[in-house]
Amino acid sequence: IEIFATLISRLDSIAEFNQTNIEAVFNGILNEKGLKLGKLAQPVRVVLTGGTVSPGIFEVIENLGKDKTIKRLKKAAIFIQTKA
């Protein structure tokens, strides 16, 4: 949940919402947490697309747009909290 909260906050702070900036947010979080991309990208992919296969995660996020992406991530975080 903490990592989703961090991701939501940082995605929300992006002024120019594009793949390059989205990737930079992911890389920053991954470096801080010592994780590989799949450990964050795969759960985010499932939350955003409903499946485990999709175009590149940064492309998916850019195409969904900031508002839809954040809304879906927040909804998932709430769901996870209520089930934990």
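Among the candidates Glu16, Glu59, the residue that is in a loop (DSSP other than H, G, I, E, B) and over 11 Å from the mean Cα position of the chain (by Cα) is uniquely Glu16. Of all residues in segment 25-38, none satisfies being under 12 Å from the mean Cα position of the chain (by Cα) and charged (D, E, K, R). Scanning segment 57-67 for residues that are touching a helix residue (DSSP H, G or I) at 6+ places or on another chain (Cβ under 8 Å) and either without any contact (Cβ under 8 Å) to a residue 40 or more places away in the chain or of a type in the set (Val, Ile, Thr) (or both) yields Ile57, Phe58, Val60, Ile61, Leu64.
Coordinate-derived values only; no laboratory data. In this text, all values refer to a predicted model and were calculated from it rather than measured experimentally. Glycine also receives a Cβ, built like all others from the backbone with ideal geometry; neighbour counts cover every protein chain displayed.
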